[in-house]
Amino acid sequence: MFVALCAAVVMYFGGAGFWLSLAILLVWLATLWLARPEPTVETRSRDDGSVSRQAMIELVEPFGLPVLMLDGQRIAAANAAAREELGSHIVGQDARVALRHPEAVRLLDKPEGRALVRGLTGARSIWQVSRVPIDERFSLIEFVNRTAEADISRAHTDFVANASHELRTPLASIIGYIETLADPDAKVDEATAARFHATVLREARRLQSLVEDLMSLSRIEAEKHELPRDRIDLGQLVGSIASETAMTVGDGRLEVETCPALVAGDRQQLDQLVRNLIDNAFKYGDTAAPVAVKVAIHGNEAELSVTDRGEGIHPDHLPYLTRRFYRTDPGRSRAAGGTGLGLAIVKHIVERHRGKLDIASQLGIGTTVTVRLPIANLPAVAAA
């Protein structure tokens, strides 16, 4: 437009005349108006918030929890976790047929909700199943495994019940004997009173041992995620403990064979592990036969083995020996002063040290408990 105006002015002063110059200006401006670009009209589609079926399938696939996508009542997709738990054949099936559980079927009859389903993937399995609607057609079914929580709760309940029973037994004895001794009408001679006092002392010491083992087990469990950093010579530790024990039981009762074996460990806990194993071997082994304790190196592991020549343990009992308060012969164990926690403590110490525990036994021959711990090396200890 500026160029057109300049051209009209030049033509006017050049003698073209006013009207001709004005006509040229108007024609020029008209051509500019005709040559202008057409306005672009942007058409936006309405976003109704819907998601395609394929997008939903891709969305649920990475989930760590089992998730099903339902198209109505039919399973349109199942992520990897759901296919692993329920099988890949469920895709395309009616969800009520695929799950086949009354609680799950009742949940599927509702547009949304939550249910606790027992026995969905196994006899003891417990799943929390939730249904969440996406739109009028699609919905998601989420599965949360509550089996481990139920097992832990059951284990805690059993532990409290067993601990209460173990504590009640010596307490009942102590209270019974003390009440008898304190009764002025009870005519107790000196010999009987001395026997009662000895029983009370024995039960009190048993109660003390039980409380100490419970506290020890609690401390070990609290530290189970902390990897020990100290470098301990397992051979030297076993040799020192064996020397102390031999002074009590006699040199002929203990056969010791050790070698230097450095492990990354907690000295106090490894000391407790060795003492528990040797103490068990003497309690339940043949009193006329020696207990053999050996430390050796096998590959990148230090191996501690304690062998007795006792009656042995029936194979049915072996898987349960490390359970708290488990006893193959409760009467004999209590008579020997056992609390039922020795091997449970050993198992937790071995687990904290990232080791392995093995118990082998033959009836009439004896029992060997083997502990394998990784050999310590400077880079590994520094990295830990």
Report task. Take each of the peptides 98-110, 213-225, average the number of other beta-carbon atoms within 10 Å over its residues, and list them starting from the highest. Result -> 98-110, 213-225
Query raised in the report: To the nearest 10 Å², what's residue 188's accessible area with a 1.4 Å probe?
Result: 50
Requested in this report: Under 15 Å from the Cβ of residue 291, count the other residues' Cβ atoms, weight Lys and Arg +1, Asp and Glu -1, and hand me the total.
Outcome: -3
Requested in this report: Indicate the gyration tensor shape class of segment 150-258 (rounded, prolate or oblate), computed on the Cα atoms with a ≥ b ≥ c the square roots of the eigenvalues: a/c under 1.5 is rounded; otherwise a/b larger than b/c is prolate and the rest oblate.
Outcome: oblate
Report summary line: What helix-only [θ] at 222 nm does the chain give? Using -39500 (n - 2.57) per DSSP H run of at least 4, over all residues, to the nearest 500, the answer is -15000 deg cm²/dmol
Query raised in the report: Ranked highest first by the average count of other Cβ atoms within 10 Å around their residues, in what order do 362-370, 145-153 fall?
Result: 362-370, 145-153
Query raised in the report: Quick one: which of 224/283; 283/356; 294/356 span more than 19 angstrom between C-alpha atoms?
Result: 224/283; 283/356
Report summary line: With x for Gly and Pro, the residue-by-residue ³J(HN,Hα) of segment 354-362, computed from phi through the Karplus equation 6.51 cos²θ - 1.76 cosθ + 1.60 at θ = phi - 60° and given in whole Hz, is 6, x, 10, 10, 9, 10, 10, 8, 10
Requested in this report: Determine the relative contact order of segment 121-252: mean sequence separation of Cα pairs under 8 Å and six or more apart, normalised by residue count, in whole percent.
Outcome: 15
**Report entry** Average Cα contact separation per residue, the chain, under 8 Å, 6 or more apart, as relative contact order %
**Finding:** 10
Query raised in the report: Which entry in (1) 83, 32, 22; (2) 45, 24, 17; (3) 32, 24, 19 matches semi-axes √(5λ) of the Cα gyration tensor in Å derived from the coordinates of this structure?
Result: (1)
Query - Long-range HN-HN contacts of residue 255 with modeled amide H, under 5 Å - result: 291, 292, 293
**Report entry** Residue-by-residue Karplus 3J(HN,Hα) for segment 143-154, coefficients 6.51, -1.76, 1.60, Hz, glycine and proline x
**Finding:** 10, 10, 7, 9, 5, 4, 4, 5, 5, 5, 4, 5
Query raised in the report: Heavy-atom accessible area of residue 6 with all protein chains present, probe 1.4 Å, nearest 10 Å²?
Result: 60
Query - Local net charge near residue 106, Cβ-Cβ under 14 Å (Lys/Arg +1, Asp/Glu -1) - result: +3
**Report entry** Probe 1.4 Å, all protein chains present, accessible-area order of 26, 270, 181, largest first
**Finding:** 26, 181, 270
Query raised in the report: With axes computed from alpha carbons, what is the tilt in degrees of helix 18-34 against the longest principal axis of the chain, rounded to the nearest 10 within 0 to 90?
Result: 30
Requested in this report: On a 0 to 90° scale, report how tilted helix 190-222 is relative to the longest principal axis of the chain, with both axes built from alpha carbons and the result rounded to the nearest 10.
Outcome: 20
Query raised in the report: At a 1.4 Å probe radius, carbon and sulfur cover how many percent of the accessible area of the chain?
Result: 55
**Report entry** Distant-in-sequence amide H partners of residue 139 (H built 1.01 Å from N, under 5 Å)
**Finding:** 70, 72, 134
Query raised in the report: So how exposed is residue 89, as accessible area in Å² (1.4 Å probe, rounded to 10)?
Result: 110
Report summary line: Taking 0.36 nm per residue of separation between residue 31 and residue 88 and subtracting their Cα-Cα distance, the length gained on full extension comes to 13.4 nm
**Report entry** Charge context of residue 309, other residues only, Cβ under 14 angstrom, K/R +1, D/E -1
**Finding:** -2
**Report entry** Karplus-derived HN-Hα couplings along segment 264-281 (A = 6.51, B = -1.76, C = 1.60, θ = phi - 60°), whole Hz, x at Gly and Pro
**Finding:** 7, x, 9, 4, 5, 6, 5, 4, 5, 4, 5, 5, 4, 5, 5, 4, 4, 4
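The values are calculated or read from the model by the stated rules, or taken from the named source; none is laboratory data. Note that the coordinates shown come from a computational prediction; the quantities given were computed from them, not determined experimentally. Cβ atoms come from the backbone with ideal geometry, glycine included; neighbour counts cover every protein chain shown. Quick note on the areas: whole protein, heavy atoms, side chains included, nothing else; ligands and nucleic acids left out. Shrake-Rupley method; radii C 1.70, N 1.55, O 1.52, S 1.80 Å.
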